[in-house]
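Accompanying notes for the structure given below.
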Amino acid sequence: MRGDHQQFVKADTQVLAISVDHIWAHKAYAKSLGDLPFPLLADWDKAVSRRWGVLNEETGAARRSLFLVDYLGRLRWRNPRYDWRSEEQYSAMVEAMLGLPMIPKTAEQ
């Protein structure tokens, strides 16, 4: 997603990453990648991962997952077992993202 971030920007899509790791681990991870063009959020108490059904309670880790939420806060697409190496899964996500309803533009915009 980092390499294609401009595609998301052009589609008025905000990318957010979330992990159960501590914020300091996120900073080190982002730095090791040469920084990230999107925020990496900490789900330290695991409440978000648990609520979205992607937390492995035995290990305390969240499965790599993708969710698309529209501007009204509605869940529009999900892949709770996302494999970042799968071009097919990535293409399905991009197709779903491009089909999301856009924020209506006003005359002032």
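The values are calculated or read from the model by the stated rules, or taken from the named source; none is laboratory data. Just so it is clear, the structure is predicted and the values come from calculations on it, not from any experiment. As a convention, Cβ positions derive from the backbone with ideal geometry for all residues, glycine included, and neighbour counts pool all protein chains shown.
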Residue among ARG81, ARG50, ARG76 that is at negative phi, over 14 Å from the mean Cα position of the chain (by Cα) and basic (Lys, Arg): ARG50
Apart from one, (1) out of contact with any Leu (no Cβ under 7 Å at 6 or more places or on another chain); (2) part of a helix (DSSP H, G or I); (3) surrounded by 16 or more Cβ atoms within 10 Å (Cβ to Cβ) all hold for ARG50; the odd one out is (3)
Within region 1-47, the count of residues that are touching a residue at least 12 places away in the same chain (Cβ under 8 Å), outside any loop (DSSP other than H, G, I, E, B) and either under 23 Å from ASP70 (Cα atoms) or not β-branched (Val, Ile, Thr) (or both) comes to 10
For VAL20, indicate whether it is at pLDDT below 85, surrounded by 12 or more Cβ atoms within 10 Å (Cβ to Cβ), under 23 Å from LEU75 (Cβ atoms) and not polar (S, T, N, Q). no
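When you scan region 62-83, do you find a residue that is closer than 25 Å to ASP4 by Cβ, of a type in the set (Lys, Arg) and without any contact (Cβ under 8 Å) to a residue 12 or more places away in the chain, even just one?
Just the residues of region 62-83 that are closer than 25 Å to ASP4 by Cβ, to begin with: 62-83.
Those still in the list that are of a type in the set (Lys, Arg) too: 63-64, 74, 76, 78, 81.
Checking the rest, the ones that are also without any contact (Cβ under 8 Å) to a residue 12 or more places away in the chain come to 74.
Yes: one or more hits.
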Please count how many residues of region 54-80 are loosely packed, with under 11 Cβ neighbours inside 10 Å, part of a loop (DSSP other than H, G, I, E, B) and not polar (S, T, N, Q). 6
Return only the number of the condition from (1) under 30 Å from HIS22 (Cα atoms); (2) out of contact with any strand residue (DSSP E or B) (no Cβ under 8 Å at 6 or more places or on another chain) that PRO104 does not satisfy. (1)
